[in-house]
Amino acid sequence: MAFEIKKINPLDLQPRKAIGVNIPFSGKAVFNPTYQSKDAIRANLINFFLTGRGERLYRPNFGSGLRDLLFDNINQESLSNVEEFVREGLQLYFPRVVVTELNVVGDSDFNKINFYLKYSISETNIQDELLINFE
């Protein structure tokens, strides 16, 4: 009988050690720490999607550039460009993230894009999803 062995990040074995910073920056303290790798990966993905290309110093290609698309006409071609940007960016900067489901829905009347990503992390049992609305 074959079974799959899942790896556990060693940082997850130390529950009191912070490994990242949570987004958004609101709460009792300005920077709320994350203690699990699942939460740190989620915060890093949100940071990536909300960062425009050319916005990060010394890494001009980092970021999804999704906010820039809001000033273009929203049609099927622009929505497919969003999916392409997302897949290329994830493949380049987050190679362990496996996209399970990706939905990009646009509303041209209100110039709004709803972005849904369901993902898993390879060789782990981490699965999560993101929903980001650009208005």
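The values are calculated or read from the model by the stated rules, or taken from the named source; none is laboratory data. Please read these numbers as outputs of a predicted model, since none were measured by experiment. When we count neighbours, we look across all protein chains shown, and the Cβ atoms used for this are built from the backbone with ideal geometry, even at glycine.
Which one of 45, 50, 90, 66 is farther than 30 Å from residue 15 by Cβ and under 13 Å from the mean Cα position of the chain (by Cα)?
Within the list 45, 50, 90, 66, the selection yields 66.
Based on what the data block shows, is residue 123 within 16 Å of residue 38 (Cα to Cα) and at pLDDT 90 or above?
no
Say we look at segment 33-85 and pick out the residues that are in contact (Cβ under 8 Å) with a residue 24 or more places away in the chain and among the aromatic types (Phe, Trp, Tyr); which of these is farthest from residue 124 (Cα to Cα)?
In this case the residue turns out to be 62.
Looking for something at pLDDT below 85 and of a type in the set (Phe, Trp, Tyr) - is there at least one such residue anywhere in segment 28-48?
Yes, segment 28-48 contains a residue that is at pLDDT below 85 and of a type in the set (Phe, Trp, Tyr).
Out of the residues in segment 102-128 meeting the condition of being in contact with a strand residue (DSSP E or B) (Cβ under 9 Å, 6 or more places away or on another chain), in contact (Cβ under 8 Å) with a residue 24 or more places away in the chain and surrounded by fewer than 14 Cβ atoms within 10 Å (Cβ to Cβ), tell me which one is farthest from residue 67 (Cα to Cα).
122
Within segment 41-98, count every residue that is hydrophobic (A, V, I, L, M, F, W, C) and more than 23 Å from residue 21 (Cα to Cα).
Summing the residues that are hydrophobic (A, V, I, L, M, F, W, C) and more than 23 Å from residue 21 (Cα to Cα) in segment 41-98 gives 7.
Which residue, of 48, 31, 62, is buried (at least 17 other Cβ atoms within 10 Å of the Cβ) and farther than 19 Å from residue 131 by Cβ?
62
Quick one: which residue in 81, 133, 61 is of a type outside the set (Lys, Arg), within 17 Å of the chain's Cα centre (by Cα) and in a loop (DSSP other than H, G, I, E, B)?
61
Looking at segment 86-101, which of its residues are part of a loop (DSSP other than H, G, I, E, B) and buried (at least 16 other Cβ atoms within 10 Å of the Cβ)?
The one that is part of a loop (DSSP other than H, G, I, E, B) and buried (at least 16 other Cβ atoms within 10 Å of the Cβ): 94.
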